[in-house]
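For reference, the structure discussed in these notes is given below.
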């Protein structure tokens, strides 16, 4: 496994070692010992989630607050996404900075997103199978987020506006400015 620090504090791209032969390929999607050795983080994941999305779907920007904040290890098993994270930690030197990265079933890269980050992605292929591990259990009362098309963040989701599929819930999330005033 190769771990690369992103421009955001504590956020890593993880490139697994893929073994290929005439049968296909094999790689470890997670190894806690290697993860700790390469990141210095001792994370215990307690929940795995999967979503399936179609081209143009934008999910996010989501996070959980307080004692239910979640760190996530994200991978795409099939298809391609633009994954986007925003550092929402006020005491971080990368506070309110964002980072985006292409994750796909082809490159097998993963993104580690620490607690205190907003997270979202858009489906760039016809079908995406999106898997992620969480280090804390989901708690509906702790849900929060920032609207995907926030003007201050100005995220390029790589999908034409007419092709964007966004849930009503995500369209009604607060702007970054409104969230910061809460």
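The values are calculated or read from the model by the stated rules, or taken from the named source; none is laboratory data. Treat the numbers as computed from the prediction; the structure is a model and nothing was measured. Positions of Cβ are generated from backbone atoms using ideal geometry, with glycine treated the same way; all protein chains shown enter the neighbour counts.
Details
- The single residue among 149, 126 that is out of contact with any strand residue (DSSP E or B) (no Cβ under 6 Å at 6 or more places or on another chain) and free of Cβ contacts under 8 Å to residues at least 24 places away in the same chain turns out to be 149.
Every residue, every condition in (1) touching a strand residue (DSSP E or B) at 6+ places or on another chain (Cβ under 9 Å); (2) surrounded by 11 or more Cβ atoms within 10 Å (Cβ to Cβ), yes or no:
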site	(1), (2)
3	yes, yes
9	yes, yes
14	yes, yes
18	yes, yes
25	yes, no
29	yes, yes
42	no, no
54	yes, yes
57	yes, yes
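- Qualifying residues in region 158-181 (those that are in contact with a strand residue (DSSP E or B) (Cβ under 9 Å, 6 or more places away or on another chain) and part of a loop (DSSP other than H, G, I, E, B)) - the one nearest to residue 102 (Cα to Cα): 158
A quick yes/no check of all residues on (1) surrounded by 17 or more Cβ atoms within 10 Å (Cβ to Cβ); (2) over 12 Å from the mean Cα position of the chain (by Cα):
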position	(1), (2)
79	yes, yes
88	yes, yes
98	yes, no
102	no, no
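- Comparison of 74, 155 shows that the only residue that is in a strand (DSSP E or B) and crowded, with 17+ Cβ neighbours inside 10 Å is 74.
- Verdict on residue 35 being out of contact with any strand residue (DSSP E or B) (no Cβ under 7 Å at 6 or more places or on another chain), at pLDDT below 95 and either surrounded by 11 or more Cβ atoms within 10 Å (Cβ to Cβ) or assigned to a strand (DSSP E or B) (or both): yes
For (1) within 17 Å of residue 81 (Cβ to Cβ); (2) modelled with pLDDT under 95; (3) surrounded by 17 or more Cβ atoms within 10 Å (Cβ to Cβ); (4) under 18 Å from the mean Cα position of the chain (by Cα), each residue gets a yes or a no:
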site: 110; (1), (2), (3), (4): yes, no, yes, yes
site: 119; (1), (2), (3), (4): yes, no, yes, yes
site: 123; (1), (2), (3), (4): yes, no, yes, yes
site: 129; (1), (2), (3), (4): yes, no, no, yes
site: 147; (1), (2), (3), (4): no, no, yes, yes
site: 151; (1), (2), (3), (4): no, no, no, no
site: 161; (1), (2), (3), (4): no, no, no, no
site: 167; (1), (2), (3), (4): yes, no, no, yes
site: 182; (1), (2), (3), (4): no, yes, no, no
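- Matching residues in region 105-152 - criterion: being in a strand (DSSP E or B) and more than 21 Å from residue 173 (Cα to Cα): 110, 111, 112, 127, 128, 129, 130, 131, 132, 133, 134
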